[in-house]
1. Using only DSSP helix segments of four residues or longer, with each worth -39500 (n - 2.57), what per-residue ellipticity at 222 nm results for the chain after dividing by its residue count and rounding to 500?
2. For a footprinting-style exposure proxy, rank 228, 151 by other Cβ within 10 Å, fewest first.
3. Which residue, 71, 217, 241, has the most motion in a Gaussian network model of the chain that connects Cα atoms within less than 10 Å?
4. Please report the base-10 log of the normalised intensity I(q)/I(0) for the stretch 54-132, using a Debye sum with one equal scatterer per alpha carbon and no solvent, at each q in 0.21 (1/Å).
5. Just from the alpha-carbon atoms, what are the Rg and Dmax of the chain in angstroms?
6. Give the order of 47, 230 when sorted by the count of other beta carbons within 10 angstrom, beginning with the fewest.
7. Can you tell me what the convex hull of the Cα atoms of the stretch 24-175 projects to on average, as an area in nm²?
8. Antiparallel DSSP bridges in the stretch 140-277: what percent, to the nearest 5?
């Protein structure tokens, strides 16, 4: 605007002097027209810039609105995220609890299956033991009827009980002739069960035993058990399947105060051991 004014004043000044040539006048007019054109262009540029500024301001305003909306949405999303995280934590806790319960259930199931298997084995062992007991009774029936021995099941074990007078003289550990016959018949039955183990137990009454060979009832009961073991092995019972034990007077069957009671306590017992393979090696769990 200022340029136009100066140009106009210049033209006016030249014209007012009265000495302007036609050529100069035309040049001045051309300069004035150029200035006017420049002014128009400048005004248009300013107008365009103002429009652009207004457009930019509107765009900025819209951007601010979008930013505010985004901030509100972001805040909502943060809240939702916090809620979802809490729900996820709760779900994880429930999952952990469920997994623990499942593991406990599996453990109880495993224990139950193991117990069931043990019960099956015990049942099978009991059935087998009863079959063997019936076989013993059948094979030894004549000796049972003759009062030479008894066969019973005690604490899950088959027990063949022979009074000492059937096998030994008083104070002796040598098997007599009748005793040898009886033990040979028993050995013929025992050796049929090669998968079973038998313990020969010697027992006495409480009358003190004092001799050079047997200083006490311990020695006498043990020696008698060993004599029976040797005879069993001679008759074909596998040596690894028999053992000997002496209990002296300390496992009485009857009261030692009577003659009859002492006679019952002086005995040899042949015990068929239970199948220990059915017992678990796992230690029992201690309750907390």
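1. It comes out at -22500 deg cm²/dmol, rounded to the nearest 500.
2. Ordered by Cβ neighbours within 10 Å, fewest first: 151, 228.
3. 71
4. Taking Cα atoms of the stretch 54-132 as identical point scatterers yields -0.95.
5. 59.8, 182
6. Details: 47 10, 230 14.
Listed from fewest to most nearby Cβ atoms, that is 47, 230.
7. With every direction weighted equally, the projected area is 26.1 nm².
8. On the way: 18 of 23 bridges.
In the stretch 140-277, approximately 80 percent of DSSP beta bridges are antiparallel ones.
Just so you know, all these numbers are worked out from the coordinates, no wet-lab data involved. The structure displayed is predicted, hence computed values, not measured ones. Methodologically, a virtual Cβ is constructed for each residue, glycine included, from the backbone with ideal geometry; neighbour enumeration extends over all protein chains shown.
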